[in-house]
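Here the structure is laid out as structure tokens; the discussion comes afterwards.
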Amino acid sequence: MLVSVVLLILSAACSLFQQNVEVLQTFELRIDKPAEAARKFSVQKDIDTKTKEVQKYQNDIDAFTIRKITYKVTEFAGIDQPFISGTIEFAESGSSEFTELSTITGNHLKEMAEQKLESTIVLANKSVEQKLTQLLQQGSPVTFRLNAITDNNPIAATLVVNIDALMTVEM
């Protein structure tokens, strides 16, 4: 009976040995198109996703969840009607097999920057979410790319992307 009580206490205490840890990733995609530049463009950035948190708990991660992905526009300079449309994609660094993260349709860069608007990226499907989650959980280097088209040049702006994730770790 004593053994049963001890086992019940230990099983109830298991959740006490877990901790939720926030994992935040922020990166910038810089757009810089002079007046004579092509309307269609692509910019990309390699991101080291091995944060201190992921590194510290690498072998103790029970669950890893992307809670929210957002982006905003900063450092805008250019014409009055700077609309862009396109896709944000990702791939493990070194790979040429990109996966579409989100579509951007008709974003007014100047307005977004002036009003400090933040847009939420809704992931297309579970397989996209799982692929990105796996790369972030492993701390793999990831390449993010913006393929877009603008209706007017010149424009310069920075697209700041924030990935808010939560990992559950065994203590």
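The values are calculated or read from the model by the stated rules, or taken from the named source; none is laboratory data. The shown structure was predicted, so the numbers you read here are calculated from the model rather than taken from an experiment. Every residue, glycine among them, receives a Cβ derived from its backbone with ideal geometry; neighbour counts consider all protein chains shown. Only protein heavy atoms, including side chains, enter the accessible area calculation; ligands, DNA and RNA are left aside. Shrake-Rupley method; radii C 1.70, N 1.55, O 1.52, S 1.80 Å.
What to note about this one:
- Proximal charge balance of Asn147 [Cβ under 15 Å; K/R count +1, D/E count -1]: +3
- Calculated over the chain, the projected area of the Cα convex hull averaged across directions stands at 12.0 nm².
- Of the GluC sites (Glu not before Pro) in segment 17-67, those whose Cβ has at most 10 other Cβ within 10 Å and which sit in DSSP loop: Glu36
- Solvent-accessible area per residue, Å², over segment 13-69 with all protein chains present [probe radius 1.4 Å]: 68 Å²
- Shown here for segment 57-132: GluC sites (Glu not before Pro) in loop regions (DSSP other than H, G, I, E, B) with at most 10 other Cβ atoms within 10 Å, namely Glu97.
- Surrounding net charge for Ala37, when Lys and Arg each add one and Asp and Glu each subtract one, Cβ distance under 15 Å: +1
- A run of the chain free of exposed loop cleavage sites, with trypsin sites (Lys or Arg not before Pro) counted only in DSSP states other than H, G, I, E and B and at most 15 other beta carbons within 10 Å, reaches its longest extent at 51-115.
- Other residues whose C-beta falls under 10 angstrom from the C-beta of Ala156 contribute a net charge of 0, scoring Lys and Arg +1 and Asp and Glu -1.
- Candidate lysines for bridging to Lys126, where Cα separation is under 19 Å - those fewer than 8 sequence places away on the same chain excluded: Lys68
- Compared with the dominant principal axis of the Cα atoms in the chain, helix 126-138 is inclined by about 70°.
- Computed extension gain for Ala77 through Arg39, at 0.36 nm per residue and net of the alpha carbon distance, reaches 12.0 nm.
- Entry note, the chain: the mean residue ellipticity at 222 nm calculated from DSSP H runs of n ≥ 4, each adding -39500 (n - 2.57), is -6000 deg cm²/dmol after division by the residues and rounding to the nearest 500.
- The C-alpha atoms of the chain define a longest principal axis, and helix 2-13 lies at about 10 degrees to it.
- Solvent-accessible area of the chain (1.4 angstrom probe, protein heavy atoms only): carbon and sulfur portion equals 51 percent.
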